[in-house]
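Below you'll find the structure, written out as structure tokens, and then a few comments.
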Amino acid sequence: MVGVALNGFYPPDHVARERIAFPVGGPPPDVTMPPRTVEIGDARALQAESGLSEAEFFAAHGFVLLPHATAVRDWDADALVYLPEIETLIRERLLPGRRVEIEQFPNILRRGRDTAVPFYAEGVHSDGGIGPDDYAHNIGAFSNEQFGAWWRERYDREDVAGVIWIDFWRVTNMAGPLAHMPLALCDTSSIEPADLVPIANTGIAPEGRESRHLGLRFNEGQRWYSYPGMTVDELLAFKLSEFWKDPDGQRNCFHSAFRDPGAPADAQHRQSCEHRVGVVVLRDDSGAGS
């Protein structure tokens, strides 16, 4: 365990009466959000000692580390090389035996050293919102309302059991294991539904449109982890949002970059990329859901 100050928590006594709207990167109106010190555990040890398969661990905690050497050599040009690799991972390692429809586009967000996005997201957040309405709204915000409405009708089909929106996150072009600005992840099983804070941001979707996300109210019972020393041949998958029809369920893996106090002062600055994929999970042949 290592004690780390994380930014972006809502106060424990915060009451979310309605969705809070504010520009991305700015503070929410009328909310004071001092840093909170949390203990970050070793996710490598947790995963190794769990006795669970990759798929079982992913289902239980909302994140999992996968050994994965990619054929991508140029992250600005080889997106079409990456997409079939990700589809295989989903079908064979994360959701084996499930009937799925995979929604992915050649959009890979690169971040950090030598990229167009040189900063790191140092604030606890969830990119996903709550349930299919928020998900459909965001599709419309990033494309058009017709596409969002089409997706919502598609989700309402009887053969759809639920949706998992997955972030595939990895370090890129690193000379050695990552020490600078690693990623902290909150175990989804440790998050109380009452601690989810609905928010809306401008500055993410085009043309000033609002997109829907979640903040997190601080709770001592939340469990945080990180995978120390990630390499370019490893891939982290975590749930941006997950929701099911039956039984009704919601899981979002809150996360944040953080400053590891044990990192060497001369550690190579992080370069990373993430690829976000929507997975519509269909009911199995027996008609069962999740």
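Here are a few things to note about the model shown:
- On the stretch given as region 123-157, residues that are among the acidic types (D, E), within 19 Å of D248 (Cα to Cα) and touching a residue at least 40 places away in the same chain (Cβ under 8 Å) total 1.
- Here V117 fulfils each of the conditions (1) within 18 Å of C253 (Cβ to Cβ); (2) within 20 Å of the chain's Cα centre (by Cα); (3) part of a loop (DSSP other than H, G, I, E, B); (4) hydrophobic (A, V, I, L, M, F, W, C) apart from (1).
- Some residue of region 63-79 being modelled with pLDDT under 95, among the small types (G, A, S) and more than 16 Å from R223 (Cβ to Cβ): yes
- Pairs are defined by a Cβ separation below 6 Å, a sequence spacing of at least 6 or placement on different chains, a first member in region 30-56 that is under 15 Å from M1 (Cα atoms) and in contact (Cβ under 8 Å) with a residue 12 or more places away in the chain, and a second member that is assigned to a loop (DSSP other than H, G, I, E, B) and of a type in the set (F, W, Y); the pairs so defined are A43/Y227; R44/Y227.
- Extreme residue, farthest from D76 (Cα to Cα), among residues of region 240-290 that are modelled with pLDDT under 95 and polar (S, T, N, Q): S286
- Test result for L52, within 19 Å of the chain's Cα centre (by Cα) and of a type outside the set (S, T, Y): no
- Taking the criterion of being of a type outside the set (A, V, I, L, M, F, W, C), modelled with pLDDT under 95 and buried (at least 16 other Cβ atoms within 10 Å of the Cβ), the only residue of region 20-58 that qualifies is P28.
The values are calculated or read from the model by the stated rules, or taken from the named source; none is laboratory data. Computed from a prediction, not measured in an experiment: that's the story for all the values here. Heads up, the Cβs are rebuilt from the backbone with ideal geometry, glycines too, and the neighbour counts pull from every protein chain shown.
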